[in-house]
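Since the structure comes first, as structure tokens, the remarks are kept for the end.
What follows is calculated from the coordinates using simple rules that are stated; it is not laboratory data. Here the structure is a predicted model, which is why all the values come from computation and not from measurement. No Cβ is skipped: glycine too gets one built from the backbone with ideal geometry, and neighbour counts run over all protein chains shown.
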Amino acid sequence: MIGKPIFDTHGHVLHDGKYGIFPFVYETIAKKNSKNKEAGTVEIKATQNVNKEAIRAMLLNNVIPAIKIRWVQHSVHLPASTSPDLNVLDLGLFNVIQSIQYQSFPKNLGELIDRVKEAYGLFNPVLNKYCWITLQCCMEEILKHLGGNNFTLTHKGKKRLERLGLLPEQLEVERNLVQQAVDYLNTLFISAGEGNEEDEGMKVDAD
């Protein structure tokens, strides 16, 4: 889990945005001897059914406590959507983890988890900052394509902009683009109850 990293006015890291790696696994005791383990050895196995109850337990027992421990006196923005297009983890962290993981050859699930944690520890907060800017770029493209996924992100030259001191924390979006998306949403809502005066209250307000 990552959040938006926080830097002070001098570029020093106040919070790297990392809250932890939380694998869906459980421990069990091996009942029989085998080539790789003896009876009585503790085994780590992947949770096969990650259902609503498993996710709730993960949030209550791991995720929320991790946030409380690492919270700082600044506003920390967490990803609000699990959409594939808006999952900030897909925009950098997973690539880093995979590239490091491919350099190792874990023999079991426990070693794989260790390699993933090592890769997570090496994830650069500056790269994390770039990922959150890319996330905003994705949001802008989604507005342009009226919620569609058929778009290709253009390179913003984030490293160059940062060297010049021009890298923004937040991207500005043209008002007419927001209005275009709002008008499109209104057509979807109004068509369901066209001609009903009460449906006017369902309109989305661009303001």
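Things to note:
- Spin-label pair VAL126/ASN108, simplified geometry with 7 Å Cα→Cβ offset, distance in nm: 4.0 nm
- Karplus (6.51, -1.76, 1.60) ³J(HN,Hα), θ = phi - 60°, over segment 103-118, in Hz, Gly and Pro reported as x: 7, 10, 10, x, 8, 8, 5, x, 5, 4, 4, 4, 5, 5, 5, 5
- If the chain linking THR9 and ARG56 were pulled fully straight, counting 0.36 nm for each residue of separation and taking away their Cα-Cα distance, it would gain 13.2 nm.
- GLU43 long-range amide H proximity, modeled H, under 5 Å: THR28, ILE29, ALA30
- Placing unit charges on the Cβ atoms only, positive for Lys and Arg and negative for Asp and Glu, gives segment 6-173 a dipole magnitude near 420 debye about its Cα centre.
- 5 angstrom amide H check on LEU14, placed H, neighbours 5+ away: ILE6, PHE7, ASP8
- Amide N of segment 95-136 lying under 17 Å from the label point, which is placed 7 angstrom from the Cα of THR41 along Cα→Cβ: 106-114
- GLN179-LYS156 FRET efficiency (beta carbon distance; Förster radius 35 Å; 0.05 resolution): 0.90
- Most to least packed among 174-180, 19-25 [average Cβ atoms within 10 Å]: 19-25, 174-180
- Entries in LYS4/LYS158; LYS52/LYS107; LYS37/LYS107; LYS35/LYS117; LYS129/LYS156; LYS4/LYS117 that, when Cα-Cα distance is taken, lie over 24 Å: LYS52/LYS107; LYS35/LYS117
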